[in-house]
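Shown next, in structure tokens, is the structure this report addresses.
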Amino acid sequence: EPEVTQTPSHQVTQMGQEVILRCVPISNHLYFYWYRQILGQKVEFLVSFYNNEISEKSEIFDDQFSVERPDGSNFTLKIRSTKLEDSAMYFCASFETGRSYEQYFGPGTRLTVT
Amino acid sequence: AQSVTQLDSQVPVFEEAPVELRCNYSSSVSVYLFWYVQYPNQGLQLLLKYLSGSTLVKGINGFEAEFNKSQTSFHLRKPSVHISDTAEYFCAVTNTNAGGTSYGKLTFGQGTILTVHP
């Protein structure tokens with residue numbers, strides 16, 4: 001069964017450093033999402049991406065964040081200058097248009113900012 | 001704007017007992033509803049969804065949920081739980097307005113940790 005993959009599974013970085021989280025969505029999916037889950041809190045929407053552009057972003061997704069689909073298969077989330085409060089599990093999800101409305105989630109990347 | 005409230009943060013039960021995990025939502029527009037499960041150190045897996053039709057929906061692993069529009073609820077149930085059902089369960093909603101900018105975007109509840117004891 002096709003699945004969404006994410007790398008790395010765990011990333012430790014120092015405050016102020018740039019990080020890039022990578023995702024490979026399911027190949028025929030057209031909508032892509034990033035969510036995050038701070039430890040002990042709910043899963044929060046960050047950004048949605050369709051047709052090579054951001055279709056919606058949350059208030060969390062400020063100028064420090066960016067997304068890109070550089071080569072038609074990867075979907076990346078970049079945090080330019082990490083803060084302690086960016087420590088969280090980041091999930092990528094993809095979604096095929098149609099009627100199923102089922103988003104497929106990757107296993108997540110645990111980001112730890114020290 | 002939409003919001004989802006899961007009324008219980010933790011639910012401990014014994015194996016083979018029935019369980020109900022409660023979910024209420026608030027939305028100014030029509031929504032589709034979902035339950036996702038997250039096993040330790042894994043991603044989110046869809047358990048079941050309500051899009052339209054029968055208000056009782058059946059999902060994987062013997063779970064079912066009932067959509068109650070008047071009470072804006074979508075409670076998850078299982079008649080007899082197993083140790084392997086120990087996980088965190090998330091209720092989520094999305095806007096039915098296909099093609100809008102919020103297409104597919106999920107709003108999640110806080111999660112309910114189900115712990116099944118032998």
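The values are calculated or read from the model by the stated rules, or taken from the named source; none is laboratory data. None of the values given here were measured: they were computed from a predicted structure. With ideal geometry, Cβ positions are generated from the backbone for all residues, glycine too; neighbour counts draw on all protein chains shown. When the accessible area is computed, the model is the full protein with side chains, heavy atoms only, and any ligands, DNA or RNA have been set aside. Shrake-Rupley method; radii C 1.70, N 1.55, O 1.52, S 1.80 Å.
Laid out as a table, the results:
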{"read-out": "Solvent-accessible area buried by pairing B with A, both sides, nearest 100 square angstrom, 1.4 angstrom probe", "value": "1900"}
{"read-out": "Loop-located trypsin sites (Lys or Arg not before Pro) in region A:1-100 whose Cβ has at most 14 other Cβ within 10 Å (DSSP)", "value": "A:R80, A:K83, A:R99"}
{"read-out": "Derived scalar couplings ³J(HN,Hα) [region B:59-70; Karplus, 6.51 cos²θ - 1.76 cosθ + 1.60; whole Hz; x for Gly, Pro]", "value": "x, 7, 6, x, 7, 9, 9, 10, 8, 10, 5, 5"}
{"read-out": "In region B:1-70, trypsin sites (Lys or Arg not before Pro) in a DSSP loop with at most 15 other beta-carbon atoms within 10 Å", "value": "B:K69"}
{"read-out": "For residues of A:42-53, the mean tally of beta carbons on other chains within 10 Å", "value": "3"}
{"read-out": "Size of electric dipole in chain B: Cβ of Lys, Arg +1 and of Asp, Glu -1, about Cα centre, debye, nearest 20", "value": "420"}
{"read-out": "Average beta-carbon neighbours from other chains, 10 Å sphere, peptide B:43-52", "value": "4"}
{"read-out": "Region A:18-108: GluC sites (Glu not before Pro) in DSSP loop, at most 11 other beta carbons within 10 Å", "value": "A:E18, A:E59"}
{"read-out": "Packing-based ranking, highest mean first, of A:4-10, A:106-112 given that Cβ atoms within 10 Å are counted", "value": "A:106-112, A:4-10"}
{"read-out": "Overall form of region B:2-117 per C-alpha gyration tensor (a/c, 1.5; a/b vs b/c)", "value": "prolate"}
{"read-out": "Built amide H within the under 5 Å cut-off of A:T97, gap 5+", "value": "A:L30, A:Y31"}
{"read-out": "Peptide A:60-70 - average C-beta neighbours from other chains (10 Å radius)", "value": "0"}
{"read-out": "Accessible area (Å², per residue) of the protein assembly as shown, counting only protein heavy atoms and a probe of 1.4 Å", "value": "49"}
{"read-out": "Dipole moment magnitude, nearest 20 debye, chain A about Cα centre, only Lys, Arg, Asp, Glu C-beta charged", "value": "200"}
{"read-out": "Of A:I79, B:S27, A:Y101, farthest towards positive along the dipole that unit charges on Lys, Arg, Asp, Glu beta carbons give the protein assembly as shown", "value": "B:S27"}
{"read-out": "With every protein chain in place, region B:2-117: carbon and sulfur % of accessible area (1.4 Å)", "value": "48"}
{"read-out": "With every protein chain in place, chain A: carbon and sulfur % of accessible area (1.4 Å)", "value": "45"}
